[in-house]
1. Can you give the net charge of the other residues whose Cβ lies under 12 Å from the Cβ of residue 25, counting K and R as +1 and D and E as -1?
2. List the aspartates and glutamates whose Cα lies under 15 Å from the Cα of residue 56, skipping any in the same chain that are fewer than 8 positions away.
3. Using the basic label-point model (7 angstrom from Cα toward the beta carbon), what is the residue 56 to residue 76 distance in nanometres?
4. Over 20 Å apart: what share of the alpha carbon pairs of the chain falls there, rounded to a whole percent?
5. Is it possible to state the helix-based mean residue ellipticity at 222 nm for the chain, with each DSSP H run of 4+ residues giving -39500 (n - 2.57), the sum divided by total residues, to the nearest 500 deg cm²/dmol? What is it?
6. Taking 0.36 nm per intervening residue step and subtracting the Cα-Cα distance, what contour gain separates residue 9 from residue 32 on full extension?
7. Looking at this model, which pairs from 12/76; 12/40; 3/76 are more than 25 angstrom apart at the alpha-carbon?
8. Amide H neighbours of residue 60 under 5 Å, counting only residues 5+ apart in sequence or on other chains, H built in-plane at 1.01 Å?
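Coordinate-derived values only; no laboratory data. Quick caveat, the model's predicted, so the values are computed rather than measured. Cβ: placed from backbone, ideal geometry, glycine included. Neighbour counts: every protein chain shown.
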Amino acid sequence: MVKKQVLIRQAKGTFYRPKETIFGEVSPSDEELISFLTRKGDKITGILTGQSVYLKLQIATQVPSTLTIASITPRKK
């Protein structure tokens, strides 16, 4: 499906179906990515931390270049 460009590879083992607009293909929004990274079904597996939280709470105006997520589960090697 990746070769037919039905799915786009986001990262190893992570794919998404691009949405088609009048401006072309659109990747998932930041909110969708954060939700994917911090939840598994109804269970919360991580929490958004760092400078991204300040932007979300509108305390800061600078947009961080990276997202920091604190995970509840240990990191796999």
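1. Summing Lys/Arg as +1 and Asp/Glu as -1 gives +1.
2. Cα-Cα hits under 15 Å: 30, 31, 32.
3. Each label point lies 7 Å from its Cα, and together they span 2.4 nm.
4. Everything past 20 Å amounts to 47 percent.
5. -5000 deg cm²/dmol
6. Extending this stretch completely gives an extra 6.7 nm.
7. Check vs 25 Å cut-off fails for 3/76.
8. 55
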